[in-house]
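J.: One structure coming up, written as structure tokens, with questions to follow.
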Amino acid sequence: MKAVDLMTPKVITIGPDATIAEAARMMLDNRISGMPVVDAAGHVLGLISEGDLLHRAEIGTARHRSWWLRLLSGGTEPPEDFIKSHAGKVRDVMTPNVITVDESALPDEIVRVLETRRIKRVPVVRNGRLIGIISRANLLRALVSVASEPPPTAADDRELYERVFSAAKELAWDPRAHDAIVVRNGIVHLWGFVSTESQRDAIRVAAEEVPGVKGVENNIQVVDPVESGAWGGII
């Protein structure tokens, strides 16, 4: 899946010269908490959200700095705060320089952008023009659709053994972490040694994710590698 497959294509947008009242009304009418600001060609100029409209002079919620901050600034209101609370156009209160992702971006890249930037949604662009938007909810919908897919047809025990062995080998912090893998009638029996409980669980999860596995019996033991110098030969 790529961004173009995950995104919501119909995006509510607004122009930079729209009024603050128009932006607020559009959010309320469409039940959204934010929207991209685009020019006539569809290029993303910024993003305006509910947070940009919270501190307004009209409703008495403009920021008021503490007396000592006012003293340090000469008693004047910071220009940024004044603009946010008094400007009448979207272009003056929007968040500029918005991060976007290309339509070919993969899910891990999208998640990385959302997490590192601490944002809930990211616009999707094609040749610099807005074509959609991806939110955390889009990723959850993708997860549900994939997780709901019917399981593949069952494989024989030998094939399952090869798959489980490969999956466990990818996670093996020590080769003895998968000393013995036995598959009987689709049930995987894991044997071996690891140094932490989380390593033991990770190998179990890797086995459970192998298509065709009906169940996993995890007999891997957690031991202290310092105290156990005789792992070799123990199965």
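Just so it is clear, none of the values below were taken in a lab; they were calculated from the coordinates. Just so we're clear, the structure is a prediction, and the values are computed from it rather than from any experiment. Using ideal geometry, Cβ is built from the backbone for each residue, glycine included, and neighbour counts are taken over all protein chains shown.
J.: What aspartates and glutamates could a cross-link reach from LYS2, if we take a straight Cα to Cα line under 20 Å and drop same-chain neighbours fewer than 8 places away?
T.: ASP102, GLU103, ASP108, GLU109, GLU115, GLU149
J.: Report the full-extension gain for the segment ASP156 to GLU80: residue separation times 0.36 nm, less the Cα-Cα distance, to one decimal in nm.
T.: Working it through step by step, the gained length comes to 20.7 nm.
J.: Still on this model: Which of the pairs LYS169/LYS214; LYS10/LYS89; LYS89/LYS120 have their Cα atoms more than 22 Å apart in this structure? Don't jump to the answer; show the numbers that get you there.
T.: Working: LYS169/LYS214 20 Å; LYS10/LYS89 24 Å; LYS89/LYS120 24 Å.
Too far apart for the 22 Å limit: LYS10/LYS89; LYS89/LYS120.
J.: Which net charge results for the neighbourhood of THR100, defined as the other residues with beta-carbon distances under 13 angstrom from its beta-carbon, given Lys and Arg at +1 and Asp and Glu at -1?
T.: Overall, the nearby charge balance is +1.
J.: Could you calculate the contour length gain from ALA87 to LEU54, that is, 0.36 nm times the residue separation minus the distance between their Cα atoms, to one decimal place in nm?
T.: Net length gain for the segment: 10.6 nm.
J.: Can you give the net charge of the other residues whose Cβ lies under 12 Å from the Cβ of ASN218, counting K and R as +1 and D and E as -1? Write down the numbers at each step before the final one.
T.: Details: positive: ARG200, ARG204; negative: GLU197, ASP201, GLU208, GLU217.
Once positives and negatives cancel, what remains is -2.
J.: Pop the C-beta distance of ARG136 and ALA40 into the FRET formula with R0 = 30 Å and round what comes out to the nearest 0.05.
T.: Numbers: r = 30 Å, r/R0 = 1.00.
Result of the calculation: an efficiency of 0.50.
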